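The values are calculated or read from the model by the stated rules, or taken from the named source; none is laboratory data. Being a predicted model, the structure only gives us computed values, none of them experimental. Please note: Cβ atoms are built from the backbone with ideal geometry, for glycine as well, and neighbour counts cover all protein chains shown. Ligands, DNA and RNA are stripped out before the accessible areas are found, and what is left, the full protein with its side chains, is counted by its heavy atoms. Shrake-Rupley method; radii C 1.70, N 1.55, O 1.52, S 1.80 Å.
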Amino acid sequence: GARETFESYYRKQRRKQARLVLQPPSNMHETLDGYRKYFNQIVGFFVVEDHILHTTQGLVTRACIDELWEMALSKTIAALRTHSGLPPFHTDSSPQLPGGGFIASPPAPQGYGFPVNQLFDMLLEIQDQYSETLLKKWAGVFRNILDSDNYSPIPVPNEEVYKKIVGQFPFQDAELEKQPFPKKFPFSEFVPKVYSQIKEFIYACLKFSEDLHLSSTEVDDMIRKSTNLLLTRTLSNCLQNVIKRKNVGLTELVQIIINTTHLEKSCKFLEEFITNITNVLPETVHTTKLYGTTTFKDARHAAEEEIYTNLNQKIDQFLQLADYDWMALEPGSRASDYLVDLIGFLRSTFAVFTHLPVSQAPRPPSLPLQGGKVAQTACMSACKHLSTSLLQLLLEAEVRQLSLGALHQFNLDVEECEEFARSGPVPGFQGDTLQLAFIDLRQV
């Protein structure tokens, strides 16, 4: 005889219990299990209510459950938004933001007629936030790869190692294949490692999109946009930081140019990789293109500019040792020691450049060089800088008098520079192009 009282009491108590169930633990974000337990207790609550709705008369009404479900949606979304900046990571390096599995997997709420569109919308909202989390993780991955690299071509002692590398990185070279073992790949180890990690990142993006009821085109677009951020921001910053280090040497810079050239060529394979996992053809309308080629071009250009700068700085260090006696009565028997050492340094340096690929980098406008090879540009840049610096030494204001002996000694040094230019330290120059770098100095 107290049915109304009991029904009112039941509904009031279940509302209180719902509030307790919907209160997330403070450490929920620390593990995936924390999220699972939270979601499971919510699902369990509404599975019970749905069962009572269908097995009793009047104790629970659809209106009551719907009201509780609206409260649950509101509090669950608030809890997820609070913790979405701190998603835990799997030990297999594939991060996953909890939420999609709870919504889409049985016994999920929509299987019992509960609307979950708000949860889907919320997950799409935090998609960018999740992408930022992935980018931060992969920034650390790339830094570790670049820091641990030896910036030397990968040695290949046997067929097994060769197949392993080409299995990680899409590389084909008929000439290299013909060479006997042992041989070397032109790039260092960071090339296959970076390429593999870009693919891992793409898989992680795909993992998030599962269960979100997105179309293939939407998934493809999401993956491509996230991958573009990985390339143009995360990887680009890591490469620029390596190039700008104070202790980076010319050999390392040359290897970076070679590496980024091969990574740039591999971008078409990354495009194919995304197409294969999303089944969205690249010619589909509005398909986002990868900007990886820009990233690697920019890194290569930065490395080239750093080479030119480093060479000029090294030349300046040698020139600081110049100690001309402008009133000398007699010249020496040969070029100055500092200049002989400088020319020797330049010869050994340009020997390192022999395997550099052709660069598309724009040349400094002051260099009259046709053709864009880095070695040629660096050599011309060094010769122009040396010529200008020597001319400044000769014409500086402090030099008020010059003896004939001093001029003869200076002439020996200029002849040493001209002989270096004639010797062809870098192949590919037309005629006396390199010697023209010293023409103003010779005339003065």
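Tell me yes or no: at least one residue of segment 16-39 is outside any helix (DSSP H, G or I), in contact with a helix residue (DSSP H, G or I) (Cβ under 9 Å, 6 or more places away or on another chain), open to solvent by 70 Å² or more (accessible area, probe 1.4 Å) and modelled with pLDDT of 85 or more. Before you say what the answer is, go through the steps one by one.
Just the residues of segment 16-39 that are outside any helix (DSSP H, G or I), to begin with: 22-27, 31.
Cutting the leftovers down to in contact with a helix residue (DSSP H, G or I) (Cβ under 9 Å, 6 or more places away or on another chain) gives us 22-25, 27.
Adding the requirement that they be open to solvent by 70 Å² or more (accessible area, probe 1.4 Å) leaves 23, 27.
Now drop any that are not modelled with pLDDT of 85 or more, which leaves 23.
Yes, that holds for at least one residue.
Does at least one position in segment 410-433 carry a residue that is out of contact with any strand residue (DSSP E or B) (no Cβ under 7 Å at 6 or more places or on another chain), open to solvent by 40 Å² or more (accessible area, probe 1.4 Å), of a type in the set (Val, Ile, Thr) and in a loop (DSSP other than H, G, I, E, B)?
Among the residues of segment 410-433, not one is out of contact with any strand residue (DSSP E or B) (no Cβ under 7 Å at 6 or more places or on another chain), open to solvent by 40 Å² or more (accessible area, probe 1.4 Å), of a type in the set (Val, Ile, Thr) and in a loop (DSSP other than H, G, I, E, B), which makes the answer no.
Run down Val161, Val156, Val141, Val194 and say which single residue is of a type in the set (Val, Ile, Thr) and open to solvent by 40 Å² or more (accessible area, probe 1.4 Å).
Values: Val156 fails: open to solvent by 40 Å² or more (accessible area, probe 1.4 Å); Val141 fails: open to solvent by 40 Å² or more (accessible area, probe 1.4 Å); Val194 fails: open to solvent by 40 Å² or more (accessible area, probe 1.4 Å).
Matching residue, one of Val161, Val156, Val141, Val194: Val161.
Out of curiosity, is Lys183 in the same structural domain as Arg233 (by the TED database), open to solvent by 20 Å² or more (accessible area, probe 1.4 Å) and of a type in the set (Lys, Arg)?
In short, no.
Would you kindly identify the helices (runs of 4 or more DSSP H) lying entirely within segment 141-220 that contain at least 3 residues that are of a type in the set (Val, Ile, Thr)?
Details: elements: 159-168, 174-178, 190-209.
In segment 141-220, 159-168, 190-209 are the helices (runs of 4 or more DSSP H) which contain 3 or more residues that are of a type in the set (Val, Ile, Thr).
So in segment 381-409, with the set limited to residues that are polar (S, T, N, Q) and either part of a helix (DSSP H, G or I) or touching a strand residue (DSSP E or B) at 6+ places or on another chain (Cβ under 7 Å) (or both), which one is most open to solvent (accessible area, probe 1.4 Å)? Before you say what the answer is, go through the steps one by one.
Applying the first criterion (polar (S, T, N, Q)) to segment 381-409 yields 381, 387-389, 392, 401, 403, 409.
This time we only want the ones that are either part of a helix (DSSP H, G or I) or touching a strand residue (DSSP E or B) at 6+ places or on another chain (Cβ under 7 Å) (or both), so: 381, 387-389, 392, 409.
Details: Ser381: 17, Ser387: 7, Thr388: 70, Ser389: 14, Gln392: 116, Gln409: 28 Å².
Top of the filtered list is Gln392.
Please work out which one of (1) open to solvent by 70 Å² or more (accessible area, probe 1.4 Å); (2) touching a residue at least 24 places away in the same chain (Cβ under 8 Å); (3) of a type outside the set (Asp, Glu) is the condition Gln255 fails and give its number.
(1)
So is Gln57 over 22 Å from Leu123 (Cα atoms), more than 44 Å from the chain's Cα centre (by Cα) and assigned to a loop (DSSP other than H, G, I, E, B) or not?
yes
Provide a single number: the residues in segment 232-252 that are among the charged types (D, E, K, R) and either without any contact (Cβ under 8 Å) to a residue 12 or more places away in the chain or closer than 11 Å to Val352 by Cβ (or both).
Within segment 232-252, the first condition is being among the charged types (D, E, K, R), and the residues that meet it are 233, 244-246, 252.
Filter once more, keeping what is either without any contact (Cβ under 8 Å) to a residue 12 or more places away in the chain or closer than 11 Å to Val352 by Cβ (or both): 245-246, 252.
Within segment 232-252, residues that are among the charged types (D, E, K, R) and either without any contact (Cβ under 8 Å) to a residue 12 or more places away in the chain or closer than 11 Å to Val352 by Cβ (or both) number 3.
Residues of segment 353-380 being modelled with pLDDT of 75 or more and either closer than 21 Å to Phe318 by Cβ or surrounded by fewer than 20 Cβ atoms within 10 Å (Cβ to Cβ) (or both), which ones? Don't jump to the end; show me each part of the working.
Of the residues in segment 353-380, the ones modelled with pLDDT of 75 or more are 374-380.
Ala375, Thr377, Ala378, Cys379, Met380 - these are the residues of segment 353-380 that are modelled with pLDDT of 75 or more and either closer than 21 Å to Phe318 by Cβ or surrounded by fewer than 20 Cβ atoms within 10 Å (Cβ to Cβ) (or both).
Specify which of the listed residues (Asn247, Asn310, Asn241, Asn279) is on the phi > 0 side of the Ramachandran plot and not aromatic (Phe, Trp, Tyr).
Asn279
Within segment 117-124, is there a residue that is under 30 Å from Leu229 (Cα atoms) and modelled with pLDDT of 85 or more?
There is no residue in segment 117-124 that is under 30 Å from Leu229 (Cα atoms) and modelled with pLDDT of 85 or more.
Residue by residue, here is whether (1) of a type in the set (A, V, I, L, M, F, W, C); (2) surrounded by fewer than 16 Cβ atoms within 10 Å (Cβ to Cβ) holds:
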site	(1), (2)
Ser226	no, no
Thr232	no, no
Leu239	yes, no
Thr251	no, yes
Thr260	no, no
Val280	yes, no
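Grab the helices (runs of 4 or more DSSP H) fully contained in segment 226-333, keeping just those with 2 or more residues being at pLDDT 90 or above and farther than 28 Å from Phe208 by Cβ.
Helices (runs of 4 or more DSSP H) meeting the threshold: 236-243, 250-265, 292-319.
So the check is Cβ under 7 Å with 6+ separation or different chains; which pairs have a first residue in segment 321-343 that's under 15 Å from Asn411 (Cα atoms) and a second one that's of a type in the set (S, T, N, Q) and assigned to a loop (DSSP other than H, G, I, E, B)?
Ala322/Ser336; Trp326/Gln401; Trp326/Ser403; Met327/Gln401; Met327/Ser403; Ala328/Ser403; Leu329/Ser403
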